[in-house]
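The values are calculated or read from the model by the stated rules, or taken from the named source; none is laboratory data. Remember, predicted model here, so these are calculated numbers, not experimental data. Cβ sites come from the backbone with ideal geometry, for glycine too, and all protein chains shown count toward neighbours.
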Amino acid sequence: MSPSPTSPAPSSTLPHNRTHSPAVTPTTAVIQSAAKDLRISPSDAVPGRLTATTTAPHPYAITAWHSLAWLTFANAIGVLLAVMLLFPATNRLFDTFTYGRWITVHLELELYGWSSIPLLAFLFKVYAVDREPAARWARPILWIWSTALAVGAFTWITGHTSGKLFLDWTGYSRILFPLAVLAVWLLLAYAFACSTQNARIAKLIGLALLLLVPILLYISASPNLYPPINPATGGPTGASQLESTLVVVAILLLLPFGLTHRKAPRSRTVRSHTITASWIIFAAESLLCLGLGRADVSNHRPTQYISLASLLVWIPLIPAYFAAFAWHPNTRRWRLAFLWWWALLVPTGWALFLPAVLDHFKFTDGLVGHSLMAMAGFVTALLIFVLVELLGDGGWIFNRTWSFHAWNFGVFAYIALMFLAGWREGSDPSFTILPGTARNLLYAGRLLVGVLMFLASAEWLLAASQLLRESSTSQPSLPETAA
């Protein structure tokens, strides 16, 4: 299966298989600049292959491999879950390790494995962990993270959880995983101390805020602490959804500043206005969120769904915001993908919160479909976009035509099937409880698209393994962003 990069890249960030993209000969200036960044002698830097003082794999390649390993494993569990739902008798084959235990492992691995580790690569970029002497510590730190996650998976599959969705840390894992997060923080602090970086005050403030993460993670996992509840549905309130979505918006607004730079001066005034307006609107919506409070409030109150509608402004604003920055050509495919998923996620999320709609869809597969739209659609496309930007030419591992279309088609088909099942289930709760022809056909379709998504992630993992082997013998230049 041959890859199809969206367009050739002018420079190499990570070594790439020459059968997948054409060789690129860097200019002498680029070689010398890269050699300086990697602390090697310019005379040792030859076109086509830059060798650093260490043969350790590049931090971005290691991060991509770990995240994809967890994605593939979690997707394999997802396929097992789909089999258990289609053929309930399958659960008997697993003794006590039935659907209820596997679903916890699946969800937590997707969040703390696949959805979190690429953000570590972003932090590595911001705090220069991709350079020596901090770079040599990236691999052991990532193994600490994965080991803590594996301990968590063992506790969940053996039936030990806090009972809180996405915060199921309990027992030893509740202590071990925050310590793994703290280990990442120590690496960032070490890299910050060892390098001369721009915006040091801002990065120092960032380190102070990041130090709160392991503490808050430990506290939040307590079964005695719960967020506000919508009494009409048992789900989150409008204020809670606004708050969580604004966290995502904040990440979207910050990402470009850590990954790239603004475009060339042409139309720079318009782009600067877009960036400024985005931050002003974000500040205004944050004040609105604070004004709503954190009480248990029903979605039938107009203030809840009207305030949530303020998020609709981000549908056109986020694409305009990202257009103000320069991105590596290889990111185009996944940049468009995550923006399209964003444009679909925001309005459907608001519509599903409306009283009559939510009353019909609550506790159904329809909300499962929308959750998959958020995580497998938008979040996955965004994370791959970030990894491709960091990997540069090495981003070919995600740009193969088959896996790109297989993943996105699989997600879209899954959503459609679950929305259809949820609509039927809202009218007849027994639809998914009692096996029938229509129900079995929908669940069979879910199993098939689940297999498709698993195969796509497995292809990415195999490609990442190849990239990891190549980066072990060649340390490339740092990313160079296309204008």
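Condition check: free of Cβ contacts under 8 Å to residues at least 40 places away in the same chain and either farther than 25 Å from Ile205 by Cβ or of a type in the set (A, V, I, L, M, F, W, C) (or both). Does Leu80 satisfy that? Against the criterion (free of Cβ contacts under 8 Å to residues at least 40 places away in the same chain and either farther than 25 Å from Ile205 by Cβ or of a type in the set (A, V, I, L, M, F, W, C) (or both)), Leu80 qualifies. Only residues that are touching a Phe, Trp or Tyr at 6+ places or on another chain (Cβ under 6 Å) and under 17 Å from Leu448 (Cα atoms) were counted in region 82-121, giving 3. Of the residues in region 339-360, at least one is more than 29 Å from Thr276 (Cα to Cα), touching a residue at least 24 places away in the same chain (Cβ under 8 Å) and outside any helix (DSSP H, G or I).
Filtering Ala250, Ala232, Ala284 for residues that are in contact with a Ser or Thr (Cβ under 9 Å, 6 or more places away or on another chain) and surrounded by 14 or more Cβ atoms within 10 Å (Cβ to Cβ) leaves a single hit, Ala232. Report yes if some residue within region 229-244 is under 29 Å from Tyr60 (Cβ atoms) and either part of a helix (DSSP H, G or I) or in contact (Cβ under 8 Å) with a residue 40 or more places away in the chain (or both); otherwise report no. The answer is yes; a qualifying residue exists.
Residue-wise test of (1) farther than 18 Å from Arg271 by Cα; (2) aliphatic (A, V, I, L, M); (3) at pLDDT below 95; (4) touching a strand residue (DSSP E or B) at 6+ places or on another chain (Cβ under 7 Å).
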site: Ile306; (1), (2), (3), (4): yes, yes, yes, no
site: Trp314; (1), (2), (3), (4): no, no, no, no
site: Ala337; (1), (2), (3), (4): yes, yes, no, no
site: Trp341; (1), (2), (3), (4): yes, no, no, no
site: Leu345; (1), (2), (3), (4): yes, yes, no, no
site: Thr348; (1), (2), (3), (4): yes, no, no, no
site: Leu354; (1), (2), (3), (4): yes, yes, yes, no
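Here Ala134 meets the list (1) modelled with pLDDT under 95; (2) among the aliphatic types (A, V, I, L, M); (3) within 22 Å of the chain's Cα centre (by Cα) almost entirely, failing just condition (3).
Restricting Ser240, Ser244 to those that are among the hydroxyl-bearing types (Ser, Thr, Tyr), buried (at least 19 other Cβ atoms within 10 Å of the Cβ) and more than 22 Å from Phe124 (Cα to Cα) reduces the list to Ser240. For region 228-273, filtered to residues that are among the β-branched types (Val, Ile, Thr) and modelled with pLDDT of 90 or more, the residue that is farthest from the chain's Cα centre (by Cα) is Thr260. Right, Arg301: under 30 Å from Asp359 (Cα atoms) and either surrounded by fewer than 13 Cβ atoms within 10 Å (Cβ to Cβ) or of a type in the set (Lys, Arg) (or both) or not? Yes, satisfied.
Taken over region 195-210, the residue count meeting the criterion of being under 21 Å from the mean Cα position of the chain (by Cα) and either assigned to a loop (DSSP other than H, G, I, E, B) or closer than 27 Å to Ala320 by Cβ (or both) is 1. Count of region 362-421 residues, restricted to those that are buried (at least 22 other Cβ atoms within 10 Å of the Cβ) and at positive phi, is 1. A count restricted to region 148-170 and to residues that are loosely packed, with under 14 Cβ neighbours inside 10 Å and either modelled with pLDDT of 90 or more or not hydrophobic (A, V, I, L, M, F, W, C) (or both) stands at 4. Flag: Arg294 matches the condition of being of a type outside the set (Phe, Trp, Tyr) and outside any helix (DSSP H, G or I).
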